[in-house]
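The values are calculated or read from the model by the stated rules, or taken from the named source; none is laboratory data. This is a predicted model, so every value here is computed, not measured. Reconstructed Cβ throughout: ideal geometry from the backbone, glycine too, with neighbour counts over all protein chains shown. Note: areas computed on protein heavy atoms with side chains; ligands, DNA, RNA excluded. Shrake-Rupley method; radii C 1.70, N 1.55, O 1.52, S 1.80 Å.
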Amino acid sequence: MKKLIINLLSLIICFQLSAQDFTQAQKDKWLEIAEANTPSLVVCKKKPISLVTISEDKSAFQGYKAVPKPGLENFYGNDMRGQTETVLDFGEHLTGFVSFKIDEKKHAVDAPIRLKFTFAETPAEATLPFDPYTGSLGRAWLQDEVVTITEVPATITIPRRVSFRYARIDVMGKCPDFKISEIHLDATTSVKVKPVPLAASTPALIKDIDKVALNTLKECMQTVYEDGPKRDRRLWIGDLYLEMLANRYSFKNDSLTKRCLYLFAGLIYTDGVVQPCVFERPKPHPQINHLFDYALIYNVVLKEYLEDTGDIETANDLWPVVKSQVQFPKKYIQENGLIDYIQADKEWWLFFDWNRELDKQACLQGCVIWAYKNTYELAKKLGKEDEVAELPGLIDKLSKAAHKYLYDKKQGVFVSGDKKQISYGSQAWMVLSGVASKKEGAEAFKNIAKLENAVYPGAPYMYHYVVDAMINVGLKQEAKDVVVSYWGGMAKKRADTFWEVYVPDNDFVSPYGAFLVNSYCHAWACTPTYFIRKYPEIFQK
């Protein structure tokens, strides 16, 4: 024990001495480069395509569906007094700013008009009451806005940017007669390139999945890669990584990836660890929250960016940030080669997935190895192997320990934690890290499919890594089956964009205690387009 304590203290001292000292001048320079790469937004005027009635339907997602009804052509001239639950369908998921025009109907307006707008990504959101609100996130994320108009005629632009397909309008209280003569959305995105069409022979469901995935990515590509345009409207490293992969095979906006890399660099913690998420307005600033696995992913994003663009100048400029990220995991490497995940969990947020049941030991072990391998590959591309010369030895030590302690030969799967939990996440990260051989990884996925107690992913984020791992070990049909069943399940439930959280047998799951505050257009769910377009031999036939 005494020897272990001495080793841990040595690692802590090593981390403190080797952590990069980033000056404010250097960070300011990085933020200037981020600002210089801010994309101009494409603005497109969108109008509603129909009126709809929101009807209960037990077979529909969350028990509600939108049913088109006639009358849109008359909507703009009708007297709106006393109208409630007027729901406009814009026909697609959109993000931007809503404007509308109010006019007199018969007589001069002699009293204020008060309207309540509810902007909804799903039919349920357009009809269910928001209050009483029981969620753990701020109530104001829900998109209802009350507008009072005292002078008519008037053209009003709602100041808040909204993200929706359905717009519900309720007239509040007694008011004069009036009409809404025009309503539209100035929809925004930084996407300027139309992706190459899929092969004509591509199955219809795969085409639908790709279309929804592209819509998801397009909506989240604003002036940063947002995680969700409704909520949280900020840049997270985990979402950045998956969006960057999908963008590579679709919209090809590499400067947006570069902007995001520099934002994280310019807002790095004083201890040399990158922030897990940042806000760009009113000026770039971080959300204070150490997140272990996301910090490691930064290095992988930069390596992938370099491979995609050949932008060696950016890679060299941000190399000190990458080098700093390899330091903090060393503190938790025990003498036997396993990461002390219990201590790490006390000091950091370990995410990996929204399934609260997931034991994260194997995921963390695998993620560190994966990040170290990618970092060393980046170092070789930059000729900087000597600056991270310890990585090959650490990779070997961590990998051997993972295989020795986490591989259950009898069951042919990888386990995690004191209770030897068996999860899809553990199998995925043991494959992606290279701890599992190709044969072991393939057998592990086949074996876990037979187990009743296996822990499944709780969100599209982890499902991405599962699909990626399956393809890595040659389980091409199994990977396709996951995309078809999981993302195809959302498509069949008429998703316009893919959701933050999806559990096939429970439409009401929420990490926040209130499903209406879930993001129904979420960046980390966009990666089917990456798989479909990168591996046409698997998906486009």
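The table below lists the values:
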quantity: For the chain, accessible area per residue (1.4 Å probe, heavy atoms of protein chains only), Å²; calculated: 41
quantity: Computed over the range 373-487, the ratio Rg/Rh where both radii use C-alpha atoms and Rh is Kirkwood; calculated: 1.03
quantity: Per residue convex hull volume, Cα atoms of the range 144-222, in Å³; calculated: 154
quantity: Listed values [x] 27.0; [y] 25.0; [z] 30.9, entry calculated as Kirkwood radius over Cα pairs in Å; calculated: [y]
quantity: With Cα atoms, 0 to 90° folded angle of helix 391-406 axis to the chain main axis; calculated: 80
quantity: Degrees between helix 312-325 axis and first principal axis of the chain (Cα, 0 to 90, nearest 10); calculated: 70
quantity: Heavy-atom accessible surface of the range 341-447: percent carbon and sulfur, 1.4 Å; calculated: 46
quantity: Cleavage-rule hits, trypsin sites (Lys or Arg not before Pro), the range 371-464, DSSP coil, Cβ neighbours within 10 Å at most 15; calculated: LYS409, LYS410, LYS419, LYS420, LYS450
quantity: Sequence-distant residues sharing a close amide H with VAL191 (under 5 Å, placed H); calculated: VAL42
quantity: The chain: calculated mean residue ellipticity at 222 nm from DSSP helix runs of at least 4, using -39500 (n - 2.57); calculated: -12000 deg cm²/dmol
quantity: Positive minus negative residues near TYR249 (Lys, Arg vs Asp, Glu; Cβ under 11 Å); calculated: +2
quantity: Proximal aspartates and glutamates relative to LYS207, as straight alpha-carbon distance under 15 Å, when same-chain residues fewer than 8 apart are discounted; calculated: ASP481, ASP496, GLU537
quantity: ARG233 long-range amide H proximity, modeled H, under 5 Å; calculated: ASP227, GLY228
quantity: Length-normalised contact order for the chain - Cα pairs under 8 Å, 6+ apart - percent; calculated: 18
quantity: Selection of GluC sites (Glu not before Pro), the range 270-338, meeting DSSP coil and at most 13 other Cβ within 10 Å; calculated: GLU335
quantity: With DNA, RNA and ligands ignored, accessible area of TYR76 (1.4 Å probe; Å², nearest 10); calculated: 50
quantity: Gain in span if fully extended, TYR405 to ARG281, counting 0.36 nm per residue against the direct Cα distance; calculated: 40.0 nm
quantity: Reachable aspartates and glutamates, given that their alpha-carbon falls under 19 Å from the alpha-carbon of LYS29 and they are not under 8 places away in the same chain; calculated: ASP21, ASP271, GLU280, ASP311, GLU313, ASP317
quantity: Under 21 Å from the Cα of LYS116 - lysines, other chains or at least 8 residues apart; calculated: LYS46, LYS47, LYS101, LYS105, LYS174, LYS179, LYS230
